Amino acid sequence: LRFHLKYNSPRLHLVLPISSCCLGSERLYMQMADVMVKEGWKEAGYEYVCIDDCWPSLQRDAQGRLQADPKRFPGGIKKLADYVNVGEKTCAGYPGSQGYYETDAQTFADWDVDLLKFDGYKVFLCLQPNYTAIRETCNHWRNFNDVFDSWSSVKSILEWTASHQDIVVPSAGPGGWNDPDMLVIGNFGLSHDQQESQMALWAIMAAPLLMSNDLRDICPRSKELLQNRRIIDISQDPLGKQGYRTAKGNSFEVWERPLSKNRLAVAVLNHQEIGGPRRFAISDIPGWKFCDPHCNVTLILPQYKEMGVQTKESKLILYVNPSGTVLLMVTPISKDIRRLHWKYTSVKQNQVITL
């Protein structure tokens, strides 16, 4: 089950699925939609309920159209859509859309479906995607392996994205976004620091935020993290630029994302998984050199704090927990409007700074 947050400017997608999609039922999806309204998810911006694989019957109807599993969805998808109003085979072996594109598109339209997630796994498995062509049809696209509820899985996605940022970052922008797959916040595989890392870095990457969990039984800290409006504001920033890794070394990574109003979002990730918090000098952030003459700094994660006006020579130290991330908002202060444009560091991998 997926819940979708509509980004007004640009139109990104924040989606929350429960991982046991092949056990889902009409009743479950209705319950989850009710929780969205009652527990503040709709108020935070979550708008769509999306169903993943395994929802159709194993056979098409007499007209060749997809149809819902009659046991788990006795009222059909149209009934569910009305309630919520918000390859040849699929990966799980259900009917795919190859050869039925127009028929299936019309079927979804007849059901009043608002959003379609179309998997092209077999198409792009061994090919270099043409992102320019993909943007003409799709609002977001997957790049890499499926995410699992583990820190090693999240790290592998981050490393792949950083290693290919020369290609994938320029393809993102208003109307089309790289999709690193679901957030696994609210489950059991990540510590809270690791959950904060995933949330922060998915926001930096301007990613469609996909969360695999059960909203009926989510821990309060995970819920608070997922509904954090300051992080969501970074995700949906209207400038629409994807962030990227700008520095790496000493078991730290720095990721930066240019934002509207000449602001900069910065995530500092600590790769060490043992010990205590580690010190990181704010002046080691590559974009900090443009904090001239002053910047205002806001700490967003691990907890909100206004850190005040800082200079380019600031000695401010950040403390980053093991496998955790410090997320900052940096706003330059200058009387000269010509100085307020951030001169961002290069997206090129061979120009990433070594710490």
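The values are calculated or read from the model by the stated rules, or taken from the named source; none is laboratory data. Keep in mind the model is a prediction, meaning the values are calculated, not measured. Counting neighbours? That spans all protein chains shown, and the Cβs are built from the backbone with ideal geometry, glycine included.
Yes or no: residue 270 more than 15 Å from residue 352 (Cα to Cα), modelled with pLDDT of 95 or more and not β-branched (Val, Ile, Thr)?
Against the criterion (more than 15 Å from residue 352 (Cα to Cα), modelled with pLDDT of 95 or more and not β-branched (Val, Ile, Thr)), residue 270 qualifies.
Return the only residue of 278, 230, 245 being at pLDDT 95 or above, farther than 27 Å from residue 351 by Cβ, touching a Ser or Thr at 6+ places or on another chain (Cβ under 9 Å) and not β-branched (Val, Ile, Thr). Before you say what the answer is, go through the steps one by one.
On the way: 278 fails: farther than 27 Å from residue 351 by Cβ; 245 fails: farther than 27 Å from residue 351 by Cβ.
Checking each option against the conditions leaves just 230.
So which residues in the range 163-216 are in a helix (DSSP H, G or I), surrounded by fewer than 21 Cβ atoms within 10 Å (Cβ to Cβ) and not charged (D, E, K, R)?
Listed by number, the residues that qualify are 163, 167, 170, 171, 192.
I'd like to check something: does the range 249-259 contain any residue that is among the charged types (D, E, K, R), within 24 Å of residue 47 (Cα to Cα) and either modelled with pLDDT of 95 or more or outside any strand (DSSP E or B) (or both)?
No, the range 249-259 contains no residue that is among the charged types (D, E, K, R), within 24 Å of residue 47 (Cα to Cα) and either modelled with pLDDT of 95 or more or outside any strand (DSSP E or B) (or both).
Taking residue 124, is it within 22 Å of the chain's Cα centre (by Cα), surrounded by 14 or more Cβ atoms within 10 Å (Cβ to Cβ) and at pLDDT 85 or above?
no
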